[in-house]
Amino acid sequence: QVQLVESGGGLVQPGGSLRLSCIASGSTFSGYTMGWYRQAPGKQREWVAHITSGGITNYADSVRGRFTISRDNAKNTMYLQMNSLKPEDTAVYYCNARWLSIQYWGQGSQVTVSS
């Protein structure tokens, strides 16, 4: 069992930056592929980025070049650095941990990009 807790969301102006954190507890963090998803009002949850246990990263086209995913296995923590934020990035951001067919979700962190 893995428990995930996100933090770092908030209100930011267009063009600004935020860093989300996801702290994991309860199992071996380093073995999981970790990811970020988001869900905007009235839309389905969508994949944003992931990082494998070996550190390989991948991004959705909508965030590539603006967002950076990273992990610190010693701290059981994953990060999402979000730069050049746009209003369309407004959503609840969810942390995900996945190993084979098993996955866990955090409770979500609201990110609002507005002037």
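Do you know which residues across region 51-73 are closer than 15 Å to Gln103 by Cα and touching a residue at least 24 places away in the same chain (Cβ under 8 Å)? Working first, answer last.
If we filter region 51-73 for residues that are closer than 15 Å to Gln103 by Cα, which is where we start, we get 51-53.
Residue satisfying the conditions is Ile51 alone.
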### Flag for Gly108 being within 11 Å of the chain's Cα centre (by Cα), at positive phi and touching a residue at least 12 places away in the same chain (Cβ under 8 Å)
yes
### Query
Quick one: would you say Trp99 is open to solvent by 70 Å² or more (accessible area, probe 1.4 Å) and under 11 Å from the mean Cα position of the chain (by Cα)?
no
### Query
Across region 1-34, what is the total count of residues that are surrounded by fewer than 19 Cβ atoms within 10 Å (Cβ to Cβ), modelled with pLDDT under 95 and β-branched (Val, Ile, Thr)?
1
#### Entry: When residues of region 35-53 are limited to those that are charged (D, E, K, R) and within 14 Å of Ser109 (Cα to Cα), the one surrounded by the most Cβ atoms within 10 Å (Cβ to Cβ)
Arg38
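The values are calculated or read from the model by the stated rules, or taken from the named source; none is laboratory data. Bear in mind the structure is a predicted one, so any value in this text is a computation, not a measurement. Neighbour counts run over all protein chains shown; Cβ positions are idealised from the backbone, glycine included. We work out accessible area using only protein heavy atoms, side chains counted, and drop any ligands, DNA or RNA first. Shrake-Rupley method; radii C 1.70, N 1.55, O 1.52, S 1.80 Å.
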